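Student: I'd like to ask some things about the structure below.
The values are calculated or read from the model by the stated rules, or taken from the named source; none is laboratory data. Remember, it's a predicted structure, so these values are computed and weren't measured experimentally. FYI the Cβ positions are ideal-geometry reconstructions off the backbone, even for glycines, and counts take in every protein chain you see.
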Amino acid sequence: MNGVPARSFCSRHNDGEDDEDEDYESGEEEDFSEREEDRADLSAEEKVKEATEIGYTVLGPLQKSDRVFKLYEPAFAVVQIGSHQFKVSNGDTIYTERLKHCDVNDKQNMTDILNLGRE
């Protein structure tokens with residue numbers, strides 16, 4: 001074929017780079033554990049500052065007595081969490097990537113409100 005080397009486009013092609021794949025996989029695990037350690041090392045003030053910079057404050061876990069779902073109000077807001085924007089109205093749930101210093105089912109106060117309106 002004209003002396004041109006063949007190209008392989010197979011995702012399973014192996015050029016002896018197994019070690020690199022293993023390093024990458026183990027690197028991900030180390031990355032995750034390092035982030036967990038960094039999270040534990042921060043003071044309460046530093047955690048609040050980082051969360052505020054991203055666009056929220058953590059109010060604490062939801063309680064059964066919290067009235068999360070109230071009567072329907074025909075209004076909406078566009079909020080920003082990190083680099084993502086969400087249009088929300090009463091009773092909506094937001095699913096995001098993991099947020100710093102925030103656990104699952106924590107109640108939050110959104111500080112970056114981009115737009116308010118009525119439907």
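Student: Looking only at the range 88-113, how many residues end up being surrounded by 13 or more Cβ atoms within 10 Å (Cβ to Cβ) and either on the phi > 0 side of the Ramachandran plot or assigned to a strand (DSSP E or B) (or both)?
Tutor: The qualifying residues number 7.
Student: Is it true that residue 79 is at pLDDT 85 or above, within 30 Å of residue 41 (Cβ to Cβ) and not in a loop (DSSP other than H, G, I, E, B)?
Tutor: Yes: the conditions hold for residue 79.
Student: Would the range 96-107 turn up any residue that is farther than 26 Å from residue 46 by Cβ and touching a residue at least 24 places away in the same chain (Cβ under 8 Å)?
Tutor: no
Student: Being modelled with pLDDT of 80 or more and surrounded by 11 or more Cβ atoms within 10 Å (Cβ to Cβ) is the requirement here; does residue 73 meet it?
Tutor: No.
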